[in-house]
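Structure, as structure tokens:
The values are calculated or read from the model by the stated rules, or taken from the named source; none is laboratory data. Everything numeric here is computed off the predicted structure, so don't read it as measured data. Don't worry about glycine lacking a Cβ; one is built from the backbone with ideal geometry, like all the others, and counts go over all protein chains shown. Keep in mind that these areas ignore ligands, DNA and RNA; they rest on the heavy atoms of the full protein, side chains included. Shrake-Rupley method; radii C 1.70, N 1.55, O 1.52, S 1.80 Å.
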Number of protein chains: 2
Amino acid sequence: MGITKTDLFSTEQNELAQLAKAFAHPARIAILQYLAKTKSCINGTLVQELGLAQATISQHLRELKELGLIKGSIEGVSVNYCLNEEKWERVSALFNGLFDQLTQSCSSGDCC
Amino acid sequence: MGITKTDLFSTEQNELAQLAKAFAHPARIAILQYLAKTKSCINGTLVQELGLAQATISQHLRELKELGLIKGSIEGVSVNYCLNEEKWERVSALFNGLFDQLTQSCSSGDCC
DNA sequence: TAATTACATTGCAATATTACGATTAATAAA
DNA sequence: TTTATTAATCGTAATATTGCAATGTAATTA
């Protein structure tokens with residue numbers, strides 16, 4: 001059906017899954033890394049940088065923006081995108097929590 | 001097209017994206033968390049636990065297994081699944097590296 | 001051997017994602 | 001005002017994902 005049964009899961013599980021989707025495409029990872037590198041928050045240079053079509057990059061940017069991971073401010077004709085600082089604290093906290101939970105289980109040595 | 005242009009991106013970006021897909025569904029997060037909790041590495045109790053059909057759970061388990069995140073060993077009629085300890089070190093290292101990279105950028109204060 | 005149990009696989013339907021050309025909207029420059 | 005320039009949006013095609021019923025497979029039990 002292609003539709004996720006979100007009602008079966010906890011808010012946190014759904015939130016993690018939603019955020020993970022942002023990272024589930026190499027272009028979006030590349031975009032985030034590029035924004036981290038060029039702190040000046042460059043925009044459609046990404047099209048040249050990544051080699052995808054303008055419409056495709058725009059689509060990826062929208063997804064990242066909708067999740068609150070980046071924000072964009074209009075700068076004349078172009079748009080300045082940059083990482084949304086506040087959000088990243090929650091994101092890394094959520095994922096670190098998950099990884100801690102999972103790796104702790106392993107280190108306790110009861111795994112098969 | 002629904003097909004990702006992996007050749008445009010680095011090995012690490014593609015690896016991160018691939019792994020993120022594992023977390024991009026709440027059922028798979030729930031499965032991993034359940035395996036972490038019941039270290040005894042329980043199997044298709046998941047069907048009752050999660051409320052999805054047997055075939056659906058089996059499919060999610062296969063995806064996690066193909067990524068090397070879990071492993072399963074036959075135990076008579078049933079199968080014991082558990083977290084694959086070695087893999088988790090690499091996974092958390094990769095994601096921590098990404099988050100460090102992104103949050104460091106923010107804390108340096110040049111964001112818009 | 002026959003029936004049962006526990007999963008995996010197959011086949012299918014519904015929806016989501018990825019990608020891009022074409023179009024549109026808005027600002028800047030001529 | 002006309003003409004770029006920049007990027008969002010629309011429409012469409014191809015592929016991927018999610019979910020389940022039905023079926024297949026292998027080990028266990030009667």
Histogram of C-alpha separations across region A:19-96, 10 Å bin width, %:
18, 58, 22, 2
Taking only Cα atoms of the protein assembly as shown, the Rg to Rh ratio with Kirkwood Rh works out at 1.01
Let me check against my output: what whole-number percent is the relative contact order of chain A, with C-alpha pairs under 8 Å and at least 6 apart?
23 percent
Quote the total accessible area buried by chains A and B together, excluding ligands, DNA and RNA, probe 1.4 Å, nearest 100 Å².
4300 Å²
Over 28 Å between Cα atoms, which of A:Lys21/B:Lys87; A:Lys65/B:Lys87; A:Lys5/A:Lys37; A:Lys87/B:Lys21; A:Lys65/B:Lys21; A:Lys5/B:Lys37 qualify?
A:Lys65/B:Lys87; A:Lys5/A:Lys37
If amide hydrogens are placed 1.01 Å from N in the peptide plane, which non-local residues have theirs closer than 5 Å to the one on B:Asn43?
B:Tyr81
How far, in degrees from 0 to 90, does helix B:85-107 lean away from the longest principal axis of the Cα atoms of chain B, to the nearest 10?
30 degrees
Between B:Val79 and B:Asn96, with labels modelled 7 Å along Cα→Cβ, what's the label distance in nm to one decimal, could you check?
3.1 nm
Where does helix B:26-37 land angle-wise versus the long Cα axis of chain B, in degrees 0 to 90, nearest 10?
70 degrees
In Å², what does the accessible area per residue of the protein assembly as shown work out to with a 1.4 Å probe?
51 Å²
Rounded percent of accessible protein surface that carbon and sulfur make up, the protein assembly as shown, 1.4 Å probe
47 percent
Calculate how steeply helix A:54-66 sits against the longest principal axis of the alpha-carbon atoms of chain A, using the helix alpha-carbon long axis, and give the answer as 0 to 90 degrees to the nearest 10.
50 degrees
Using modelled backbone amide H atoms (1.01 Å from N, in-plane), which distant-in-sequence or interchain residues come within less than 5 Å of A:Ile70's amide H?
A:Lys65, A:Asn84
Only bridges with both residues in the protein assembly as shown count here: give the DSSP antiparallel percent, nearest 5.
100 percent
So what does B:Ser92 come to for accessible area, using a 1.4 Å probe and Å² rounded to 10?
20 Å²
